[in-house]
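The values are calculated or read from the model by the stated rules, or taken from the named source; none is laboratory data. Please read these numbers as outputs of a predicted model, since none were measured by experiment. Using ideal geometry, Cβ is built from the backbone for each residue, glycine included, and neighbour counts are taken over all protein chains shown. These accessible areas exclude ligands, DNA and RNA; they are computed on the full protein's heavy atoms, side chains included. Shrake-Rupley method; radii C 1.70, N 1.55, O 1.52, S 1.80 Å.
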Amino acid sequence: MEFILYMQIDNSFLDKIAQRVRTVSGLCLFGAHKEILRHYLEKRLGMMNMNEMEFWNFLDNEKEMRNLINSITIGETYFFREEKQFDFLDSQVFPKLKPKSLIWSAACATGEEAISLAVLNCKHGSNAKIIASDINTDSIARFERGVYRPLSFRQDGLKFKKELDNYSKANNDGSTVFDKNFISTIKKADFNLIKKTGSLDGILDGSFSVILARNVLIYFDHATQCDVVNFLIRKLESRGILLLSATEISHFQDFEIQYAEKRNFNNVFYFQKADFF
């Protein structure tokens with residue numbers, strides 16, 4: 001068994017690293033996310049046998065900073081999460097999409113959300129282009145592999161399980177592997193929603209019919225949340241739809257959001273861009 005020495009760090013050093021992460025990536029860490037950062041730092045300093053100052057200087061290495069950011073943005077997700085939202089997409093959105101519409105999973109993590117969208121796209125013969133991005137490059141690499149453990153399947157979303165079976169098969173080890181050709185239909189890229197930077201090209205104003213940015217705003221302070229939401233709305237076409245998680249959308253007042261209205265269909269709340277923009 002491998003023995004790992006953890007190096008205890010001061011709270012002041014933790015705060016300095018959290019601020020540096022915020023400066024580099026825009027991520028605002030507090031509560032449980034800050035404790036995840038502490039755990040990573042104490043393990044990493046122990047593995048590298050570095051003191052705090054040595055590690056601070058070592059973070060000038062771009063790869064090391066990327067590894068740190070990846071370690072604290074591992075999103076837990078699963079297929080057809082928030083099933084009621086996918087019911088809404090299935091019944092009200094996908095049947096009405098124009099040919100070659102663009103759909104963006106803007107915080108795709110390991111890909112379960114984007115795959116769920118692609119499955120609905122095939123179900124309806126929508127011919128939409130699914131684009132998936134995340135700040136975490138390790139998560140995108142896992143998405144590319146298309147192999148998922150049982151935890152990616154929950155009771156929430158179970159009604160769509162048979163749709164997933166059309167594009168996947170079970171392995172002997174209990175994992176599920178998706179068809180490579182199916183996975184390749186989804187464009188994948190790293191993208192920082194706060195800095196608006198990354199390898200995602202072709203992100204044009206007014207081009208997307210649907211954007212999902214769910215369970216990502218927890219990393220941002222409220223001012224940044226408003227900035228990100230307004231940025232995403234600008235990327236929507238007229239009457240395009242932005243879906244946040246059910247808990248996130250309630251945080252916004254009408255005056256904070258530009259060019260869109262909060263709407264409700266069967267208790268699924270979403271932003272819809274005004275038809276004159």
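General observations
- Scan of segment 194-224 for residues that are at pLDDT 95 or above and more than 13 Å from the chain's Cα centre (by Cα), ordered by number: Phe208, Ser209, Val210
- Within segment 213-231, the set of residues being buried (at least 21 other Cβ atoms within 10 Å of the Cβ), assigned to a helix (DSSP H, G or I) and in contact (Cβ under 8 Å) with a residue 40 or more places away in the chain comprises Tyr219, Val229.
- Taking residues in segment 232-248 that are farther than 20 Å from Phe220 by Cα, and partners anywhere that are in a loop (DSSP other than H, G, I, E, B) and among the charged types (D, E, K, R), the pairs with Cβ atoms closer than 6 Å and at least 6 places apart or on different chains are Ser238/Asp275; Arg239/Asp275.
- Number of residues in segment 5-30 that are open to solvent by less than 50 Å² (accessible area, probe 1.4 Å) and farther than 17 Å from Ile69 by Cβ: the value is 2.
- Filtered residues of segment 33-89 (kept if open to solvent by 40 Å² or more (accessible area, probe 1.4 Å), assigned to a helix (DSSP H, G or I), hydrophobic (A, V, I, L, M, F, W, C) and modelled with pLDDT under 95): Ile36, Met47, Met48
- Single unsatisfied condition, Lys159 versus (1) modelled with pLDDT of 95 or more; (2) charged (D, E, K, R); (3) within 16 Å of the chain's Cα centre (by Cα); (4) open to solvent by 70 Å² or more (accessible area, probe 1.4 Å): (3)
- The residue pairs whose first member lies in segment 134-148 and is closer than 17 Å to Leu164 by Cα and assigned to a loop (DSSP other than H, G, I, E, B), whose second member is of a type in the set (A, V, I, L, M) and open to solvent by 20 Å² or more (accessible area, probe 1.4 Å), and whose beta carbons are closer than 7 Å, counting only pairs six or more residues apart or on different chains, are Gly146/Val177.
- Neighbours by Cβ (under 8 Å, 6+ apart or cross-chain): first from segment 249-277, among the basic types (Lys, Arg); second surrounded by fewer than 16 Cβ atoms within 10 Å (Cβ to Cβ): Lys262/Asp254; Lys273/Ser238; Lys273/Arg239; Lys273/Tyr259
- Look at (1) open to solvent by 20 Å² or more (accessible area, probe 1.4 Å); (2) out of contact with any helix residue (DSSP H, G or I) (no Cβ under 6 Å at 6 or more places or on another chain); (3) closer than 27 Å to Ile74 by Cβ and you find that Gln272 fails only one, number (3).
- Of residues in segment 53-75 being free of Cβ contacts under 8 Å to residues at least 40 places away in the same chain and among the charged types (D, E, K, R), the one farthest from Phe269 (Cα to Cα): Glu54
The rows are residues; the columns are (1) closer than 25 Å to Ser126 by Cα; (2) of a type in the set (Ser, Thr, Tyr).
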{"position": "Lys195", "(1), (2)": "no, no"}
{"position": "Asp221", "(1), (2)": "no, no"}
{"position": "Ser238", "(1), (2)": "yes, yes"}
{"position": "Ala246", "(1), (2)": "no, no"}
{"position": "His251", "(1), (2)": "no, no"}
{"position": "Asn266", "(1), (2)": "yes, no"}
{"position": "Ala274", "(1), (2)": "yes, no"}
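- Subset of segment 247-258 [of a type outside the set (Val, Ile, Thr) and surrounded by 15 or more Cβ atoms within 10 Å (Cβ to Cβ)]: Glu248, Phe252
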